[in-house]
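The values are calculated or read from the model by the stated rules, or taken from the named source; none is laboratory data. Nothing here was measured: the structure is a model prediction, and the numbers come from that model. All Cβ positions, glycine included, derive from the backbone under ideal geometry; neighbour counts span all protein chains shown.
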Amino acid sequence: MGTNNITMNARERFLSFSLGSEEYAVPLLAVREVIAMPEYTPVPYTPPYFLGIMNLRGQVISVMDMRQKLGVKADKNAETTVIICDLGGVSIGVVVDSVNTVLSPNPDEVAPKPEIQSSRATDFITGVYRKDKKLILFLDIAKSLNLEDQNAIKRNQQTGTKNAA
Amino acid sequence: MDDFERELKVGFLEEASQLLSDAEQCFLVLESNPGDGPTLDKIFRIAHNLKGSSKAVGFDDIGLFTHKWESFLLKLKNGETAVTVAVISLLLLCNDHVRMMVDALKQDLEARVDSSELLERLDSMISGTASMEPPVPVPESAHSFEGIENLVSESTEPESGEDVHGAFEGEPPPSKEELELLKLVNDSLDDLPNPALEVTKEEENIVIPDPEPVVQEMPAPVFELKRPEASKPVSAPMQDESIRVSLSRLEKLINSVGELVILQTVLREQSMSGGSHLLRKTIHQMGKVTKEVQDISMSLRMVPLRQTFQKMQRIVRDTSNMLDKRVALSTQGDDTELDKTVLENISDPLVHLIRNACDHGIERPEARVKAGKRETGNVMLNAYHQSGKLVIEVKDDGGGIDGDRLVQKAIEKGILKPDAKLTREQAIHLIFHPGFSTKAQVTEVSGRGVGMDVVKTNIEALQGEVLVETELGKGTTFKVILPLTLAIIDGMVVKNGNSRFVVPLSHVHETLRPTGNDIHASTGMGEMLLLRGENLPLFRLSRLLGQKKSEESQAREQIAMVIRYASRPFAVMVDDILGQQQVVIKEVGPEIRALRWMSGSAILGDGKPAIILEMNELVKPEGRGVA
């Protein structure tokens, strides 16, 4: 993804979006397209933020709710948009409240994420960008969703198995 | 080594592999028709080409070896040395050796392989000391083993289905994209199960049998000069021009076409409820074109069986030589096409069946004569389409399978109880039992009982089946029935609550609407379905899918699907069956591929995806977990 090297690329561009009242951004190169919330089919034995599978012009891809994943309260008035991300050949739909704008920050405006002693994993945040008076967090989508999800699914399955049996 | 040089070398190696396959075919043709001038010319050109290009890119080992090889071929071409079975064996050994060098270089561009022993043999043949005498038996050497191992590993290669290419000089090396494509194909090879190789790895002490007895039968080549048109074309140049396309691009096309079909359906439904006559007519016509485009796009993944069948010639030759039997292979239906993925996975089981036919099927020459048959046994490989399926028959005119002996053997081995009563069919199916072999002696070729059950499993993994027809004393036919493609299945669309699911039709044995008396619930056993005197465990789909009681459907009359493809039959209750339809299987992302009860997804007529259920996994308590 190369998002860790943002300070090295002179002008990498990011797509910013809102989750509730917070603002996040992902590298624009990882974004395939942005679509309205599609119909999706739920898949049992998956974590709650795994909404299901959808049909993207003949391709079946997974849809995940970034708000639930990060524990952000959804903005009820927002239209709900899906960002289709391309993570190394795998497409994933990421549900967000609304897509805002494309940023191309000056490298020196992006600070590394502050070291915070916290119980929450923050390794998916690659940088912090202060724009006007707002703070925008840069996300590594693969880290925030993909790798962890596989483990989450496995965990969920084990517990689900017990319940069903 | 700079990139350019590396690219040249890799290009050469790919080209060489192709040339070696061509050469192998030529050798086999030459064996059945020793005086075939054009074939000799072709082999000579191939060797010359290999020598030239290998030296040009700096593979001196191959250059040196092929130079010797070429000199030997020149002697054959000029008629100074007769083409005997021994000569062909040596040529094939050389072919395997070069292939081994090429394979080693593919792994590591600096790899070196010792060729001194084969070089010596070639030298002695060239200098004429050994040429007219019966050939020296191959010593028990590393080389002979390498040759065999090579042959086996080669036999497990899937067919690329591309037409013959690069047999002549001056052909440009494959482009970078082609190489990547080939590399992809090669990479996927490594993942294939390789039972054949496992078998041979234990056979380190195989000696290539002295082929002398057969030599006497060979006609003197000098008098056999045939007209070129009389010779069998090995790899007739394709009349159709062709183009290589990467598989991923094809997949994209097929996906888009699938979407087109769905949109077309929506459009047609819309036009029914309104719109002008012209609009409806246009949409109707568009429907026809769309259907045709879909058919064509699906056919793009189809490749002919020809190359797989050609490889079997070599398997039969080497197997029968090793066993000191005489077996002729005839093939029919080489042009029959099937899906590339199916083809890649059917090669292994076919090799097993062919080797099995040579070893267990065909009797020893003396026994055949006694039984009033011709000394040479026949193995027939026949492929054809039948009611939307592909059938491959492996037929031999050997001794047939003795059901009684199988039962006796099974009892001895403790597979069956001594008082077991089996029907003839059941007895013959014992050959598919793991760890079963009737041959008194374990041979190098087969007899360890690791073949047939693997064959059966592999074929069933392709949604296919194997049938056996056998008559004692007359022969055996194995019928492998395969779906034409793995991309489409016949599915049953079922409804549960508000969700729809697809169950492969081949998994559903029957469906019924049970009445209250048919279902018995007990605390210890759960629910049971009483079906014609049989007690089947009964599951409810909603509970299998982990839905809570409150979400459970209130449908009064549910339908039970009886599933029997699994080792133990069971029944699953669903709310309703919506219908049967052909569905295109869509892979799901890796993030949910760990769910084993979900074998994929399919896009239904309204454009929404549905999950394809693997019931057998779903009912296992551990089935919902990951492997």
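For the subset of the stretch B:607-622 comprising residues that are within 9 Å of chain A (Cβ to nearest Cβ) and not in a loop (DSSP other than H, G, I, E, B), which member is farthest from B:VAL261 (Cα to Cα)?
Among those residues, the one meeting the criterion is B:ILE611.
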So, of the residues in the stretch B:593-606 that are at pLDDT below 80 and over 29 Å from the mean Cα position of the chain (by Cα), which turns out to be nearest to the other protein chains (Cβ to nearest Cβ)? B:ASP606
Right, B:GLY589: touching a residue at least 40 places away in the same chain (Cβ under 8 Å), of a type in the set (Gly, Ala, Ser) and within 14 Å of another protein chain (Cβ to nearest Cβ) or not? no
Quick one: which residue in B:GLU375, B:GLU393, B:GLU363 is among the acidic types (Asp, Glu), in the same structural domain as B:GLN310 (by TED's automatic domain parsing) and more than 18 Å from B:LEU323 (Cβ to Cβ)? B:GLU393
Restricting to the stretch B:258-295, name every residue that is modelled with pLDDT of 85 or more and either within 31 Å of the chain's Cα centre (by Cα) or among the acidic types (Asp, Glu) (or both). B:GLU292, B:VAL293
Would you point out the residue of the stretch B:566-584, among those that are modelled with pLDDT under 85 and not in a strand (DSSP E or B), that is surrounded by the fewest Cβ atoms within 10 Å (Cβ to Cβ)? B:SER567
Please count how many residues of the stretch A:67-89 are more than 14 Å from chain B (Cβ to nearest Cβ), among the charged types (D, E, K, R) and within 15 Å of the chain's Cα centre (by Cα). 2
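Does the stretch B:1-17 hold any residues that are out of contact with any helix residue (DSSP H, G or I) (no Cβ under 9 Å at 6 or more places or on another chain) and of a type in the set (Lys, Arg), and which are they?
Within the stretch B:1-17, just B:ARG6 meets the criteria.
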Hey, can you tell me all the residues within the stretch B:273-326 that are surrounded by 19 or more Cβ atoms within 10 Å (Cβ to Cβ) and either in contact with a Lys or Arg (Cβ under 8 Å, 6 or more places away or on another chain) or within 19 Å of B:LEU486 (Cα to Cα) (or both)? B:ARG301, B:VAL303, B:LEU305, B:THR308, B:ILE315, B:THR319, B:SER320, B:LYS325
Just give me the residues in the stretch B:267-319 being part of a helix (DSSP H, G or I), touching a residue at least 24 places away in the same chain (Cβ under 8 Å) and of a type in the set (A, V, I, L, M, F, W, C), in sequence order. B:VAL293, B:MET298, B:PHE309, B:MET312, B:ILE315, B:VAL316
Might you let me know whether the stretch B:417-428 holds any residue that is under 30 Å from B:THR308 (Cβ atoms) and touching a helix residue (DSSP H, G or I) at 6+ places or on another chain (Cβ under 7 Å)? yes
